[in-house]
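Here is the structure we will look at, set down as structure tokens.
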Amino acid sequence: MSSRYRLLMPLAALCLAAPASAAYPPMTRCTTSSNGYSFQHASLNPQFSTQEAVRQCMASSWTSNIECQANAACDGQHAPPMLTCRTESNGYSFTDQSRDPNVGISQVIASCVASSWTTNTECQANAACDGMPSAPMVTCRTQSNGYSFTDRSRDPRVAADQTLAACERSSWTNNAECRVNLFCEGGSGHNPYPTPNPYPTPNPYPGPTPGPSAGYPCFNSCVVGSACSDYCPSGARCNYVHSQNFFRVISCNR
């Protein structure tokens, strides 16, 4: 037997006798995503794999850099769950997924605002993420001369203003009728962020005459005829008195 083979045989025996712990370590796969596109990289170094996955994501012209970074995670390591965030305006819906709810909210609002068919105020008011606290959707409607208008938002004032604005923009409607027929339904609880009336009605008779009778907080108690200054109560059907900035309860669902 040649000296070459006599040298290799002990090395082969040493490899066969190596303990199982000396096996090749497992690869770590790291992933990220943005705007529906996914990227991944695997290596022995999780930090390197994360950097590579993020680099690939950011190199794409169809992704958001901040989202590429926020959504990075590696197999076997603790990471926040992916959240789906949504917003809508004028019947158009926008969604995004992120591990950071602030990033998800920012992305859906940016997509919504970028559309020429949406309203910026609604895009912002309607943004919410699954599993995170958010206000319920409120639907407002009005009609004039046989034409109907509707809008919905998590902010009842936004829904009321958008519905009224759509009705008053039409050349086939009557502005006074648009306001009289405006009502909202849905939602629940006290509105923690009341907003002032953006369309104050001027007093045609200036002087020491008393102003309009304002409503009082209903604290989510549904009583027909109540004038609620805080919100339309849960399960109630309300008429939004725009000139006086309160919700008049029309009926209660018991």
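The values are calculated or read from the model by the stated rules, or taken from the named source; none is laboratory data. Just so you know, these numbers come straight off a predicted model, no measurement behind them. Here the Cβ is made from the backbone with ideal geometry for all residues, glycine too, and neighbour counts use every protein chain on show.
For the stretch 35-52, indicate whether the set of residues that are surrounded by 12 or more Cβ atoms within 10 Å (Cβ to Cβ), at pLDDT below 90 and closer than 30 Å to Ala135 by Cα is non-empty.
Checked the stretch 35-52: at least one residue is surrounded by 12 or more Cβ atoms within 10 Å (Cβ to Cβ), at pLDDT below 90 and closer than 30 Å to Ala135 by Cα.
For the stretch 35-43, check the following and say yes or no: at least one residue is closer than 22 Å to Ile105 by Cα and of a type in the set (Ser, Thr, Tyr).
Checked the stretch 35-43: at least one residue is closer than 22 Å to Ile105 by Cα and of a type in the set (Ser, Thr, Tyr).
Go through the stretch 74-110 and report how many residues are of a type in the set (Ser, Thr, Tyr) and buried (at least 18 other Cβ atoms within 10 Å of the Cβ). Before the answer, list the steps.
Taking the stretch 74-110 first, the residues of a type in the set (Ser, Thr, Tyr) are 84, 87, 89, 92-93, 95, 98, 106.
Add one more test, that the residue is buried (at least 18 other Cβ atoms within 10 Å of the Cβ), and what stays is 87, 89, 98, 106.
The total comes to 4.
Any residue at all in the stretch 126-147 that's in a helix (DSSP H, G or I) and in contact with a helix residue (DSSP H, G or I) (Cβ under 7 Å, 6 or more places away or on another chain)?
No, there is no match, as no residue in the stretch 126-147 is in a helix (DSSP H, G or I) and in contact with a helix residue (DSSP H, G or I) (Cβ under 7 Å, 6 or more places away or on another chain).
Could you list all residues from the stretch 148-172 that are out of contact with any Pro (no Cβ under 9 Å at 6 or more places or on another chain), within 14 Å of Leu182 (Cα to Cα) and part of a helix (DSSP H, G or I)?
Result: Pro156, Val158, Ala159, Ala160, Gln162, Thr163, Leu164, Ala165, Ala166, Cys167, Glu168.
Going by the conditions given, is Pro19 surrounded by 16 or more Cβ atoms within 10 Å (Cβ to Cβ), more than 30 Å from Asp155 (Cα to Cα) and at pLDDT below 90? Even if it seems obvious, please write down each step before you answer.
Working: surrounded by 16 or more Cβ atoms within 10 Å (Cβ to Cβ): no; more than 30 Å from Asp155 (Cα to Cα): yes; at pLDDT below 90: yes.
Considered against the rule, which asks whether it is surrounded by 16 or more Cβ atoms within 10 Å (Cβ to Cβ), more than 30 Å from Asp155 (Cα to Cα) and at pLDDT below 90, Pro19 comes out as no.
On the basis of being among the aliphatic types (A, V, I, L, M), within 26 Å of Asp230 (Cα to Cα) and free of Cβ contacts under 8 Å to residues at least 60 places away in the same chain, does Met132 make the cut?
yes
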